[in-house]
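The values are calculated or read from the model by the stated rules, or taken from the named source; none is laboratory data. Just so it is clear, the structure is predicted and the values come from calculations on it, not from any experiment. Positions of Cβ are generated from backbone atoms using ideal geometry, with glycine treated the same way; all protein chains shown enter the neighbour counts. The area values use the complete protein model at the heavy-atom level, side chains included, leaving out ligands, DNA and RNA. Shrake-Rupley method; radii C 1.70, N 1.55, O 1.52, S 1.80 Å.
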Amino acid sequence: MHKDYYLYSADKEILFTIEWDSFFFLIATDHKKMDTLIADDLFEGFLCNDKTEHYWEYTFE
C-alpha cells in the first residue's frame, strides 16, 4: 500500500486519509481537536465512530 494515502499533522495527532471505495475523506483525531476543527468551519461532513456503517447504494423500499 502506498504511504501517500495517509497524511498526518506534524505532531502526528491528526490523520487525514481517503476511503477509496466510498470516495470520501476521513479525519481521525481526539474529540477536543475535532471540536476545534468543526467550530472553525475547516471541514464539512459527518461524525462517525466504530459502529458507523455505510453502503455502496441506497435502495428505496
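Sort THR52, THR29, THR17 by heavy-atom solvent-accessible area, probe 1.4 angstrom, most to least.
THR52, THR29, THR17
What are the ³J(HN,Hα) couplings of the range 29-46, residue after residue, when phi is run through the Karplus curve with 6.51, -1.76, 1.60 and θ = phi - 60°? Round to Hz, x for glycine and proline.
6, 7, 4, 5, 5, 5, 4, 5, 4, 5, 4, 8, 6, 7, 9, 10, x, 9
What does the accessible area of ASP40 come to, in Å² to the nearest 10, when a probe of 1.4 Å is used?
About 90 Å², ignoring ligands and nucleic acids.
Can you give the local net charge around ASP11? Use residues other than it whose beta-carbon is closer than 14 angstrom to its beta-carbon, Lys and Arg +1, Asp and Glu -1.
That works out to +1.
Could you sort HIS54, HIS31 by accessible area so the largest value comes first, with the probe set to 1.4 Å?
Most to least solvent-accessible, the answer reads HIS31, HIS54.
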